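Asks: The structure under discussion is supplied below as structure tokens; questions concerning it will follow.
The values are calculated or read from the model by the stated rules, or taken from the named source; none is laboratory data. None of these values were measured; they are calculated from a predicted model. Don't worry about glycine lacking a Cβ; one is built from the backbone with ideal geometry, like all the others, and counts go over all protein chains shown. SASA here: full protein model, heavy atoms, side chains in, ligands and nucleic acids out. Shrake-Rupley method; radii C 1.70, N 1.55, O 1.52, S 1.80 Å.
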Amino acid sequence: MITFTSVFVILFFIFVLQGIWLFISELAGKDLDFFTIIKFLSFYAPTIVPLVLPLSVVLASIMTFGSFAENYEFAAMKSSGISLQRAMRMLSLLIFGLSIVSFIFANNVIPKAQYKFLNLRKNIVQQRPAMAIAEGQFNPIGPAINIKVEKKTGDNGRFLEDVTMHIKNVNAGLGANTVIKAKNGILRSDENSNTLQLELLDGNYYENIIPKKYEERNKQPFAKSSFKKYILNIDLTKLDENAGDNGDITSEKMLTLNELNYTIDSLQTNLNKDIVSFAENSLQRNDYVFLLKKNQEIDKEKKVDDILSIFNTIEKQKVLEMAKSNTSSNEFSIVNSQNDLEYKMKNLNSHWVVVHEKFIIAFSCLLMFFIGAPLGAIIRKGGIGLPIVFAIVIFIAFHFMNTFGKKLAEENTIPIILGMWMSSILLTPLAIFLTYRATNDIGIMINFDWLIDPIKRLFSRFSKN
């Protein structure tokens, strides 16, 4: 227990330092008081527990059982009639209890910490609006706005020089639809408001015009104008897509399991309704009234091989124009509806991902223990040398497979369960294999003769020559 606590504290401190490095641009040079910085790190700290806990379990297990085997304590236990299974029994119960605690922590503490962390970031930006914008780089503000500032001056950097803004029309999906360039800018905000006001001075405004007719979009028309003063209001809740507005929870990472189940049910119901609505609209969009009226004039018993043959030249032209217009309209509608449905599906998948993450953190404790403990007994090395190497390799493999599967699951490439539990599915056989070998006192012999023998023969040939 002492080993696990020591390892957890050290790794936790290392990951907190990493967090400081990630958010150094938001903390350094902002005149933040010490208490605010402590709150910032305190709210961030619980979110790194899912990373630190599995690594601490596997490292502490390898170190402990490796030290026992290295000092022949297992041999003494066996001579006293205590098997490895019995030695692992109480620790297994302890790890099982740790898994339950980790699930409760992930379900209750992390969502609240995530909400307070993002809300604190929003409050800091409200008090120091220039914090939202770093010099010399494009800063994303929500899904639609990117802003770049070459230099900031004045109190809290509220005066801006050489401002460039890209505003994208999210619904159109055609890239940066509006570009604004200004020589100077002024940031203003109110602590009681969620809006950041940006006043731009002496600049130009460029906008891509999207025609209503689909066939005219290839002409790529645009509008250009200049201005002396241009005021833009920016919603501070868009500084982070997970941030809430006026205290309302809007991110899946801020929800408990019961709240997630309710939200998922609503999202799935809405998605199903949208799919049915899209199918019905697609069928009703085609205008066959003209064809039906014309068809009523034809003898029902008369067989028509070419439907256009029943029309005269003017009517044929109308039919072809209608078909062309319907085809373009349907294509445009299908593309937009597909993008909308894909977005809603990804949103639904992201909620399912958070549900599985709460269980994965609990299962990962058990998995890492049943990999680390038998591995330490097999390699018979304690301390902080070889165990750290094995622990890092195992954890990197686990984390990589978990991240890779999560990404595939969010993109709806593979089923959610398969993607989220990919690392557990692949590493569970390894845990069973190592536990079986260790409890039956069977070592692991890895034969590298197939690799070493050809090299030896190659060197022997050179030495003879």
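Asks: Give the stretch 48-76 a look and list any residue that's open to solvent by 40 Å² or more (accessible area, probe 1.4 Å) and farther than 16 Å from I378 by Cβ, or say none.
Replies: P50, L51, A76
Asks: Pull up the stretch 149-180, narrow it to residues that are at pLDDT 80 or above and either under 30 Å from N336 (Cβ atoms) or among the polar types (S, T, N, Q) (or both), then point me to the one that is surrounded by the fewest Cβ atoms within 10 Å (Cβ to Cβ). First the steps, then the outcome.
Replies: Restricting attention to the stretch 149-180, the residues satisfying the condition of being at pLDDT 80 or above are 149-153, 159-167, 178-180.
Those left that are additionally either under 30 Å from N336 (Cβ atoms) or among the polar types (S, T, N, Q) (or both): 153, 164-167, 178-180.
Details: T153: 10, T164: 15, M165: 25, H166: 17, I167: 17, T178: 17, V179: 16, I180: 22.
That would be T153.
Asks: Please tell me if E315 is exposed (fewer than 13 other Cβ atoms within 10 Å of the Cβ) and in a helix (DSSP H, G or I). First the steps, then the outcome.
Replies: On the way: exposed (fewer than 13 other Cβ atoms within 10 Å of the Cβ): no; in a helix (DSSP H, G or I): yes.
For E315, the condition - exposed (fewer than 13 other Cβ atoms within 10 Å of the Cβ) and in a helix (DSSP H, G or I) - is not met.
Asks: Taking the condition more than 19 Å from A69 (Cβ to Cβ), hydrophobic (A, V, I, L, M, F, W, C) and outside any helix (DSSP H, G or I), does I414 pass?
Replies: On the way: more than 19 Å from A69 (Cβ to Cβ): yes; hydrophobic (A, V, I, L, M, F, W, C): yes; outside any helix (DSSP H, G or I): yes.
Taking the combined requirement at face value, the residue satisfies it.
Asks: When you scan the stretch 24-47, how many residues do you find that are at pLDDT below 75, exposed (fewer than 15 other Cβ atoms within 10 Å of the Cβ) and in contact with a helix residue (DSSP H, G or I) (Cβ under 9 Å, 6 or more places away or on another chain)?
Replies: Within the stretch 24-47, residues that are at pLDDT below 75, exposed (fewer than 15 other Cβ atoms within 10 Å of the Cβ) and in contact with a helix residue (DSSP H, G or I) (Cβ under 9 Å, 6 or more places away or on another chain) number 3.
Asks: Does V9 meet the test of being out of contact with any strand residue (DSSP E or B) (no Cβ under 6 Å at 6 or more places or on another chain), under 30 Å from R380 (Cα atoms) and assigned to a helix (DSSP H, G or I)? Write out each step before concluding.
Replies: Details: out of contact with any strand residue (DSSP E or B) (no Cβ under 6 Å at 6 or more places or on another chain): yes; under 30 Å from R380 (Cα atoms): yes; assigned to a helix (DSSP H, G or I): yes.
Against the criterion (out of contact with any strand residue (DSSP E or B) (no Cβ under 6 Å at 6 or more places or on another chain), under 30 Å from R380 (Cα atoms) and assigned to a helix (DSSP H, G or I)), V9 qualifies.
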